[in-house]
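Here's the structure, in structure tokens; my notes come after.
Each value in this text was obtained by applying a stated rule to the coordinates, not by laboratory testing. Everything quoted here is computed from the prediction, not taken from an experiment. Quick reminder, even Gly has a Cβ in these numbers, built from the backbone with ideal geometry, and neighbours come from all protein chains shown.
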Amino acid sequence: FFEPGDVVGIKVNPVGQPFHISAPEVFQEIVAGLGEAGVKPKDVVAYDRYRAQFLSGGFEKWLPDGVRWTFATSGDVPNGLQLDMDGYDRDQYMEMALVAAKGDPANPHHRRSYVAKFLTKEVNKMVNLGVLKKDLVNIVVHGHEPTLSEMVVAASRDKDLLALAKEK
């Protein structure tokens, strides 16, 4: 799947800080595997949407030599609406059926989930490094479906599912 000349993005996940984030040892093994496939470290880019979360997760401290990192949003997200476009591709987006609580349904910008320029302009392959932890339930969620996270939380509180998880 990977070959020399590829530029590979690795999406890290810092939102469960401080304990439940992408693991450095898994990231480093992925980079090593990419190297075995002929991908140079300079062609590997660690990514998270928010610069502040990437840095507070400490990801930049354990990147192998030559591996770069980037983000799409450099500042805070006031009022829960991420509206800056500097790191996003205005031509690549998904139209959402719902808007955030403080969003305006009549405003197209509030209804769109824009794709980071990093994905549309810089890389040709992408790895999504979830939060994989031994002895924990690991869920990989892909995309930006606003109700999906609510459903995952509801399922995590379901007594029957909790009992089943404890049995396993």
Check your understanding: Taking the Cα-to-Cβ direction at Ala165 and at Ser74 and moving 7 Å from each Cα, how far apart do the two end points lie in nm?
Key -> 3.9 nm
Practice item. Output ³J(HN,Hα) for the range 4-20: one whole-Hz value per residue in order, computed from phi by the Karplus curve 6.51 cos²θ - 1.76 cosθ + 1.60 with θ = phi - 60°, and x for Gly and Pro. Key: x, x, 5, 10, 10, x, 10, 7, 8, 10, x, 5, x, 4, x, 9, 10
Point to revise | For the range 49-58, 3J(HN,Hα) per residue [Karplus equation, 6.51 cos²θ - 1.76 cosθ + 1.60, θ = phi - 60°, Hz, x = Gly/Pro] | key: 4, 9, 4, 4, 5, 4, 5, 5, x, x
Check your understanding: Computed FRET efficiency, Cβ-Cβ of Asp65 and Val15, R0 30 Å: what is it to the nearest 0.05?
Key -> 0.65
Point to revise | Inter-label distance, nm, simple model (7 Å from Cα along the C-beta direction), Ala32/Ser56 | key: 3.1 nm
Exercise for review: Grab the other residues whose beta carbon is less than 15 angstrom from that of Pro64, score K and R as +1, D and E as -1, and report the net.
Suggested key: -2
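Going down the list Lys11/Lys102; Lys61/Lys159; Lys61/Lys125; Lys61/Lys117; Lys40/Lys61; Lys125/Lys159, which pairs span over 31 Å between their C-alpha atoms?
Lys61/Lys159; Lys125/Lys159
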Exercise for review: Name the long-range amide H neighbours of Ala46: under 5 Å, sequence gap of 5 or more, or other chain; modelled H, no Pro or chain starts.
Suggested key: Ile10, Arg68, Trp69, Thr70
**Study point:** Approximate spin-label separation His109-Gln92, in nm, with each point projected 7 Å along Cα-to-Cβ
**Key:** 2.1 nm
